[in-house]
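Quick notes on the structure that follows.
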Amino acid sequence: MLIRQAPDIRSSEITPERLYRNRRQFIQGASGVVAGALVGGAMLGRYGGLLRAQESIDNLKQSPLSTDEEPNSYEDITTYNNFYEFGLDKGDPARYSHEMSIDPWSVRVEGEMNKPAADVALDDLLRPHTLEERIYRLRCVEAWSMVVPWVGFPLGDLIKRFEPTSKAKFVKFETLHRPSEMRGQRGRSLEWPYVEGLRMDEAMHPLAILAVGMYGKTLLNQQGAPLRLVVPWKYGFKSIKSIVKMEFVEEQPRNSWNVAIPNEYGFYSNVNPEVDHPRWSQASERRIGSFFRMRTAMFNGYADQVAGLYDGMDLAQNY
Amino acid sequence: MSVRRVKLCVFAACLIPLGLLVWRAVMGDLTANPIEYITHRTGDWTLRFLLLTLAVTPLRKLMGWSQLASFRRMLGLFAFFYATLHFSTYLVLDFFFDFELILDDVIERRYVTAGFFGFVSLVPLAATSTKAMIRRLGGERWRSLHRLAYVAAVAGVVHYFWLVKIDVLPPLTYAVILAVLLGSRVWFRYTNHRVGRASATGRDRGVPTDADLAG
């Protein structure tokens, strides 16, 4: 970024929104074409640098970890979202998240690691990684589910770059906190910023990814652009969106939902049909787009891969 | 405008929420989770009609609009109508008669229990809403039975409280309105509020007159 935005006045304050959004779309479209031409064959499957909303991401590696279930429609996935930073209604994120600017974006990485703490620009964060498509089931704690064709890379690959020390027992994540652009943060539905965390072995698990796109395009803001976590065997709220901070810590961090209602939301939040939410059943779920309810599977159907992480643990106690 | 014509207008207005749902269904505009959307809207309107019904008597006493009494039955029956749609949505669209899951739900989920209880307590009210039933039961017994409307409204609000994830504002709003409506009844009782000659007809004891039920 050569030109910085003046901090005290934004273009949205001068130009009618419809016009500047059109302009932005035009610029995005144009830069997409330019980027496509630049990237060419030289960067096959590599992150190309100019990642902007709705740019397409080409030459994705396919993953054997993908489900062969039919993904939900692009429209369903991008209009039915829980992202309380923009409001409590499922339609609020699609309605209001365009108010969040995601460029420039950097992630603060710090904590128990050998590498020095740093603010890593998104481009630098992504550059070494090969993006792949991961089609995952997503099970919300509210008992609905979707199948989402994410684009991302293993979280573990990123973690290794920072060389966490033996004291790093957990990874803690934080979402952007910017009430001026995230209207839900002006209220107090949850404590802001949103915090989530994983135990180190969970974070290193090959199924845990950081996503930057979906359906071969970069994420929309309502999905947690430009960078979000996806942990498919846990309830959706663990998959924190619009990440600005990653910290290696010794103590188990307190995630936002646990802080809000401790007896209903724990740290682990593994999908588990046997352990109900105190007020509703987790035995079944509604797959968005299908009429019949389906039985919820242990660890959201990823038990073969992840059950070993929890050997000997009482999952009713560690909900 | 005659009472009859006003009633027709109110009747049509009470069907607007259903009309909007049907319209959105036709337009494919019921969100990505249509069954949840239908469940929430019919539930909202059940509560709204219950509160409207319970607002009739206090408003009538406060403003002296004796004509209002004749709308109470219609509003109450619409509350039952939307409650039936709400319950059917749960039974048919959401669980499609999967009684194993439903039984688990009704017994173990307190919010479902509360909602089910509220719905069931509306059934005798709807069943005894005709002139003939009022006569058969007699005014006093009919009135006692129809106090179930308070129970249904409380159950409905509690049902809502117990199912929200964290946003208690909507159920809290309903709770406050319900508290005001129930509180007004206590207040009227202690201030012995009467509206002119209407008391002679039994209206003030909560039993509708033939005139109220006409048309």
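Run residue A:107 past the list (1) under 17 Å from residue A:218 (Cβ atoms); (2) surrounded by 16 or more Cβ atoms within 10 Å (Cβ to Cβ); (3) within 14 Å of chain B (Cβ to nearest Cβ) and report the number of the one that doesn't hold.
Failing condition for residue A:107: (3).
If I filter the stretch A:303-319 for residues that are closer than 19 Å to residue B:108 by Cα, aromatic (Phe, Trp, Tyr) and under 25 Å from the mean Cα position of the chain (by Cα), do I get at least one hit?
yes
Collect the residues in the stretch A:215-248 that are part of a strand (DSSP E or B) and either under 8 Å from the mean Cα position of the chain (by Cα) or free of Cβ contacts under 8 Å to residues at least 24 places away in the same chain (or both), keeping them in residue-number order. Steps first, answer last, please.
Filtering the stretch A:215-248 for residues part of a strand (DSSP E or B) gives A:217-218, A:228-230, A:234, A:243-248.
The answer is A:228, A:229, A:230, A:243.
Which residues, taken from the stretch A:139-179, are of a type in the set (Val, Ile, Thr), more than 14 Å from chain B (Cβ to nearest Cβ) and in a strand (DSSP E or B)? Working first, answer last.
Restricting attention to the stretch A:139-179, the residues satisfying the condition of being of a type in the set (Val, Ile, Thr) are A:141, A:147-148, A:151, A:159, A:165, A:171, A:175.
Narrowing further to those that are more than 14 Å from chain B (Cβ to nearest Cβ): A:151, A:159, A:165, A:171, A:175.
Matches in the stretch A:139-179: A:151, A:171, A:175.
If I ask for residues that are over 24 Å from residue B:99 (Cβ atoms) and away from chain B (no Cβ under 14 Å), which ones from the stretch A:289-307 would you list? Let's see the steps before the verdict.
Of the residues in the stretch A:289-307, the ones over 24 Å from residue B:99 (Cβ atoms) are A:289, A:299-307.
Within the stretch A:289-307, A:299, A:300, A:301, A:302, A:303, A:304, A:305, A:306, A:307 meet the criteria.
Residues in the stretch B:138-147: is at least one under 19 Å from residue B:122 (Cβ atoms), within 17 Å of the chain's Cα centre (by Cα) and modelled with pLDDT of 95 or more?
So far as the stretch B:138-147 goes, no, none of its residues is under 19 Å from residue B:122 (Cβ atoms), within 17 Å of the chain's Cα centre (by Cα) and modelled with pLDDT of 95 or more.
Just to be sure, is residue A:253 within 14 Å of another protein chain (Cβ to nearest Cβ) and either on the phi > 0 side of the Ramachandran plot or of a type outside the set (Lys, Arg) (or both)? Outline the logic, then answer.
Values: within 14 Å of another protein chain (Cβ to nearest Cβ): no; either on the phi > 0 side of the Ramachandran plot or of a type outside the set (Lys, Arg) (or both): yes.
No; evaluated as a whole, the condition is false for this residue.
When you look at residue B:169, is it within 14 Å of chain A (Cβ to nearest Cβ), over 30 Å from residue A:291 (Cα atoms), at pLDDT 90 or above and over 18 Å from the mean Cα position of the chain (by Cα), yes or no?
Values: within 14 Å of chain A (Cβ to nearest Cβ): yes; over 30 Å from residue A:291 (Cα atoms): yes; at pLDDT 90 or above: yes; over 18 Å from the mean Cα position of the chain (by Cα): yes.
Here the answer is yes, as residue B:169 does meet what is asked.
Hey, among the residues in the stretch A:256-288 that are at the interface with chain B (Cβ under 9 Å from one of its Cβ atoms) and under 13 Å from residue A:196 (Cα atoms), which one's surrounded by the fewest Cβ atoms within 10 Å (Cβ to Cβ)?
A:260
So which residues in the stretch A:59-90 are crowded, with 20+ Cβ neighbours inside 10 Å and among the aliphatic types (A, V, I, L, M), if there are any at all?
Within the stretch A:59-90, A:77 is the sole residue that qualifies.
Quick one: would you say residue A:239 is closer than 23 Å to residue A:147 by Cα, within 14 Å of chain B (Cβ to nearest Cβ), in contact with a Lys or Arg (Cβ under 8 Å, 6 or more places away or on another chain) and modelled with pLDDT of 95 or more?
Numbers: closer than 23 Å to residue A:147 by Cα: yes; within 14 Å of chain B (Cβ to nearest Cβ): no; in contact with a Lys or Arg (Cβ under 8 Å, 6 or more places away or on another chain): yes; modelled with pLDDT of 95 or more: yes.
Spelling it out, it is not the case that residue A:239 is closer than 23 Å to residue A:147 by Cα, within 14 Å of chain B (Cβ to nearest Cβ), in contact with a Lys or Arg (Cβ under 8 Å, 6 or more places away or on another chain) and modelled with pLDDT of 95 or more.
Could you tell me how many of the residues in the stretch B:36-63 are closer than 28 Å to residue A:144 by Cβ and surrounded by 20 or more Cβ atoms within 10 Å (Cβ to Cβ)? I'd like the intermediate steps shown before the answer.
So the first thing to find is which residues in the stretch B:36-63 are closer than 28 Å to residue A:144 by Cβ, and the list is B:36-50.
Those left that are additionally surrounded by 20 or more Cβ atoms within 10 Å (Cβ to Cβ): B:36, B:38, B:41-43, B:45-47, B:49-50.
Looking only at that region, the number is 10.
So residue B:118 passes all but one of these: (1) closer than 30 Å to residue B:189 by Cα; (2) surrounded by fewer than 14 Cβ atoms within 10 Å (Cβ to Cβ). Which condition number does it fail?
Result: residue B:118 fails condition (2) only.
Identify the residue in the stretch B:1-41 that is in a loop (DSSP other than H, G, I, E, B) and within 26 Å of residue B:91 (Cβ to Cβ) and, among all such residues, is nearest to the chain's Cα centre (by Cα).
First pass over the stretch B:1-41, keeping only residues in a loop (DSSP other than H, G, I, E, B): B:1-2, B:15, B:27-33.
Now restrict to residues that are within 26 Å of residue B:91 (Cβ to Cβ): B:15, B:27-33.
Values: B:15: 14, B:27: 29, B:28: 29, B:29: 27, B:30: 24, B:31: 26, B:32: 29, B:33: 26 Å.
In this case the residue turns out to be B:15.
Name every residue in the stretch B:83-112 that is surrounded by fewer than 18 Cβ atoms within 10 Å (Cβ to Cβ), of a type outside the set (A, V, I, L, M), over 17 Å from residue B:148 (Cβ atoms) and under 22 Å from the mean Cα position of the chain (by Cα), in order of residue number.
Of the stretch B:83-112, the ones surrounded by fewer than 18 Cβ atoms within 10 Å (Cβ to Cβ) are B:84, B:88, B:91-93, B:96-104, B:106-108, B:110-111.
Applying the additional criterion that residues be of a type outside the set (A, V, I, L, M) yields B:84, B:88, B:96-100, B:104, B:108, B:110-111.
Checking which are over 17 Å from residue B:148 (Cβ atoms) leaves us with B:88, B:96-100, B:104, B:108, B:110-111.
Scanning the stretch B:83-112 gives B:88, B:110, B:111.
With the structure loaded, tell me whether residue B:44 is among the charged types (D, E, K, R), assigned to a helix (DSSP H, G or I) and within 14 Å of chain A (Cβ to nearest Cβ) or whether it fails that test.
Numbers: among the charged types (D, E, K, R): yes; assigned to a helix (DSSP H, G or I): yes; within 14 Å of chain A (Cβ to nearest Cβ): yes.
For residue B:44, the condition - among the charged types (D, E, K, R), assigned to a helix (DSSP H, G or I) and within 14 Å of chain A (Cβ to nearest Cβ) - is met.
Please state which of the following conditions residue B:80 fails to meet, knowing it meets all the rest: (1) within 14 Å of another protein chain (Cβ to nearest Cβ); (2) under 16 Å from the mean Cα position of the chain (by Cα).
(1)
Residues checked against (1) among the polar types (S, T, N, Q); (2) within 30 Å of residue B:191 (Cα to Cα); (3) at pLDDT 95 or above:
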position: B:1; (1), (2), (3): no, no, no
position: B:12; (1), (2), (3): no, no, yes
position: B:28; (1), (2), (3): no, no, no
position: B:45; (1), (2), (3): no, no, yes
position: B:50; (1), (2), (3): no, yes, yes
position: B:53; (1), (2), (3): yes, yes, yes
position: B:62; (1), (2), (3): no, yes, no
position: B:103; (1), (2), (3): no, no, no
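How many residues, within the stretch A:290-319, are buried (at least 16 other Cβ atoms within 10 Å of the Cβ) and within 18 Å of residue B:91 (Cα to Cα)?
Number of matching residues: 1.
The values are calculated or read from the model by the stated rules, or taken from the named source; none is laboratory data. If you're wondering where the values come from, they're calculated on a predicted model, not measured in any experiment. Note: ideal-geometry Cβ built from the backbone for every residue, glycine included; neighbour counts use all protein chains shown.
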